[in-house]
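Read through the structure below, which is laid out as structure tokens, and then see the notes.
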Amino acid sequence: MSEKLQARLDTFAYHAPPPSVVASMVTLLGSFRTLAALLDFGLPESREKSLAFTALEESAMWAMKGLALTDADGQVVPP
């Protein structure tokens with residue numbers, strides 16, 4: 001298997017967050033939940049509201065992956 005293919009396959013592996021970032025993840029997820037509640041309360045039901053929630057979910061996913069790929073020193077490690 002080529003190194004390039006292995007690197008691509010590694011992105012689909014489970015990346016357990018290091019204990020040092022779990023508190024940050026919990027805090028950040030709380031902020032995403034707050035924003036989701038504000039969007040739900042403040043926007044009428046519409047395609048745009050659905051898209052806003054989709055974008056928020058995607059943003060939360062990438063933020064959590066970014067934290068999960070951070071080592072104890074705050075450095076990003078390759079997946």
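The values are calculated or read from the model by the stated rules, or taken from the named source; none is laboratory data. Note that the structure is predicted; figures quoted are calculated from it, not measured. Virtual Cβ from ideal backbone geometry, glycine too; neighbours counted across all protein chains shown. Areas reflect the complete protein model, heavy atoms only, side chains present, ligands, DNA and RNA absent. Shrake-Rupley method; radii C 1.70, N 1.55, O 1.52, S 1.80 Å.
Of note:
- Pairs with Cβ under 8 Å, 6+ apart, first in segment 4-18 and within 17 Å of residue 61 (Cβ to Cβ), second open to solvent by 50 Å² or more (accessible area, probe 1.4 Å): 11/79; 13/79; 15/65; 15/79
- Members of segment 62-76 that are surrounded by 11 or more Cβ atoms within 10 Å (Cβ to Cβ) and within 8 Å of the chain's Cα centre (by Cα): 63, 64, 65, 66, 67
- Across segment 1-60, the qualifying residues are those that are assigned to a loop (DSSP other than H, G, I, E, B), of a type in the set (A, V, I, L, M) and surrounded by fewer than 10 Cβ atoms within 10 Å (Cβ to Cβ), and the one among them that is farthest from the chain's Cα centre (by Cα) is 1.
- Sole residue being touching a strand residue (DSSP E or B) at 6+ places or on another chain (Cβ under 7 Å) and free of Cβ contacts under 8 Å to residues at least 60 places away in the same chain, chosen from 76, 26: 76
- Test: residue in segment 6-21 that is at pLDDT 95 or above and polar (S, T, N, Q): no
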